[in-house]
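Comments concern the structure below.
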Amino acid sequence: MLFHFSEQGNIEIFIPKEKQNRTNFPAVVWAIDEEHEFTYYFPRDCPRIVCRRTEDISEKNVDMFFKNTNADIIVTVESEWYARIIGQSLYKYHFEEDSFELFDKTAGYYISYQAVKPISIEKIDNLVERLLSKGIELRITPNLYPLRDAIINSDFKDFGIHRFNNAKK
């Protein structure tokens, strides 16, 4: 089963679209697998950084990014988004995997070049509680730039930066 998360609860068919930040990429429908769906438990435009502890993480990166926690996944968001996250309802669209192909295994992204009808829609609330129930640590910071810069200037590889164009400057 694959999923798509939206703030809209009335999408009957997903038509392939070009992605604004991938101008040389064909129009597709995006979906995510269950393992990575937590990265979308946020309002659509919410900037966030996801860090994942893996078996091959260096001690240096454990100290830099996972010091004082036993969580294997940390999601960091800017404090001004907290109220929106708490109040946000999302719709989780369920897809059969037939027309999708794996695009990025690390991120859990799948794509379809054809229109896709969801087989069901589920309204989800309590996004922070969903994260916490999966053992994910949620961190709140006034600004994501210091964390992003630390990650980019390190040899740490198991991270995702989402919607960063909406982060405070």
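The values are calculated or read from the model by the stated rules, or taken from the named source; none is laboratory data. Computed from a prediction, not measured in an experiment: that's the story for all the values here. Positions of Cβ are backbone-derived with ideal geometry, glycine not excepted, and every protein chain shown enters the neighbour counts.
Things to note:
- Residues of region 1-55 satisfying the condition of being touching a residue at least 24 places away in the same chain (Cβ under 8 Å), aromatic (Phe, Trp, Tyr) and out of contact with any helix residue (DSSP H, G or I) (no Cβ under 7 Å at 6 or more places or on another chain): 14, 30, 40
- Index of the failed condition, residue 71 passing every other in (1) modelled with pLDDT under 95; (2) under 20 Å from residue 159 (Cβ atoms); (3) out of contact with any Phe, Trp or Tyr (no Cβ under 9 Å at 6 or more places or on another chain); (4) of a type outside the set (Lys, Arg): (1)
- Any hit, region 95-108, residues being in contact (Cβ under 8 Å) with a residue 12 or more places away in the chain, of a type in the set (A, V, I, L, M), closer than 24 Å to residue 2 by Cα and in a strand (DSSP E or B): no
- Candidates 136, 140: the one that is loosely packed, with under 15 Cβ neighbours inside 10 Å and hydrophobic (A, V, I, L, M, F, W, C) is 140.
- Of the set (1) surrounded by 14 or more Cβ atoms within 10 Å (Cβ to Cβ); (2) within 16 Å of the chain's Cα centre (by Cα); (3) on the phi < 0 side of the Ramachandran plot, all apply to residue 156 but (2).
- The set of residues in region 78-128 being among the charged types (D, E, K, R), within 16 Å of residue 39 (Cβ to Cβ) and surrounded by fewer than 12 Cβ atoms within 10 Å (Cβ to Cβ) consists of 105 alone.
- Residue, nearest to residue 163 (Cα to Cα), within region 46-73, restricted to residues that are of a type in the set (Val, Ile, Thr) and out of contact with any Leu (no Cβ under 8 Å at 6 or more places or on another chain): 50
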